[in-house]
Amino acid sequence: MVIRFSFAASALFLALIRVVVADDLAYRKPPKAIVDAINAPPPPAISVSPTHDYAVLMEALAHPSIGELAEPMARLAGLRIDIHTNGPHLLPHNTGFQRIRLSDGSSIAVRLPVGDHKLSAPIWSPDGKQFAFTNTTANSIDLWIADTASGRARQIPGVRINAVIGEPLPGVFGRTRPPIDWLADSRTLLMRLVPAGRGEAAREEQVPKGPHVQQSAGHCGEDSVDSQQRQDNETNRGICRAGLIGR
């Protein structure tokens with residue numbers, strides 16, 4: 001009797017699970033204390049000027065948002081390209097800068113407009129009097145210049161950086177910096193830009209309401225990684241069919 005009851009209860013439990021579809025599931029969060037611990041900001045990184053009199057502390061977030069993870073991307077020659085910003089998909093970024101004078105340790109925040117920021121690392125001019133950086137928005141990668149002594153920063157209007165292929169950061173695997181270089185006069189920048197007049201990619205709502213749930217009922221399922229690219233792969237189909245026949 002106990003065995004029959006357990007079997008019936010298990011069957012009912014599995015039947016209830018089948019009724020739940022992915023659209024009905026929303027992301028759930030743990031208690032606030034756990035969320036705060038996981039999202040605690042990492043220690044700031046530092047960038048020292050070429051003249052070794054100033055430095056910039058780079059503040060960052062611990063994890064990207066669901067919206068950032070869901071942004072569409074194009075795959076080309078091993079690259080994952082954000083089709084809206086013309087830069088790498090899911091590129092790590094900074095949220096703010098603190099300028100430090102190394103002689104006395106005094107610091108000021110680099111002044112930026114109110115709002116969220118996705119900043120690159122500073123790119124110092126040869127004389128160390130200013131540094132360039134980028135700020136990634138929803139549709140572009142903008143160029144900014146900051147004065148080292150005052151901490152004032154300004155956006156260069158009409159400039160959209162093409163950062164699809166950046167320059168590798170020494171000693172940091174998989175990280176790049178924008179393709180921006182100062183010339184020896186500390187007044188001129190060399191960079192790659194998005195062609196003027198080029199149209200924008202279509203934007204659709206990409207942020208999912210909940211996790212993507214898949215159910216296996218004895219049939220071939222999607223590959224969780226790049227399933228769209230693999231759906232026409234006859235080798236994978238053959239392996240899947242062989243697995244089903246062997247059951």
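The values are calculated or read from the model by the stated rules, or taken from the named source; none is laboratory data. Since we're looking at a predicted model, the values are computed, not measured. Backbone-built Cβ (ideal geometry, glycine too); neighbour counts: all protein chains shown.
Across the stretch 99-122, which residue is surrounded by the most Cβ atoms within 10 Å (Cβ to Cβ) among those that are over 14 Å from Asp53 (Cβ atoms) and over 22 Å from the mean Cα position of the chain (by Cα)? So the residue we want is Val110. Against the conditions (1) part of a strand (DSSP E or B); (2) surrounded by 14 or more Cβ atoms within 10 Å (Cβ to Cβ); (3) at pLDDT 90 or above, Pro157 satisfies every one except (2).
Name every residue in the stretch 59-94 that is on the phi < 0 side of the Ramachandran plot, polar (S, T, N, Q) and touching a residue at least 12 places away in the same chain (Cβ under 8 Å), in order of residue number. Can you show your working first?
If we filter the stretch 59-94 for residues that are on the phi < 0 side of the Ramachandran plot, which is where we start, we get 59-76, 79-85, 87-89, 91-94.
Still in the running and polar (S, T, N, Q): 65, 85, 94.
Of everything in the stretch 59-94, those that are on the phi < 0 side of the Ramachandran plot, polar (S, T, N, Q) and touching a residue at least 12 places away in the same chain (Cβ under 8 Å) turn out to be Thr85, Asn94.
Restrict the check to the stretch 123-136 and report whether at least one residue is loosely packed, with under 15 Cβ neighbours inside 10 Å and under 16 Å from Glu59 (Cα atoms). Within the stretch 123-136, not a single residue is loosely packed, with under 15 Cβ neighbours inside 10 Å and under 16 Å from Glu59 (Cα atoms). If a residue has to be closer than 19 Å to Ile141 by Cβ and basic (Lys, Arg) to count, how many in the stretch 53-92 make the cut? Residues that pass the stated criteria total 1.
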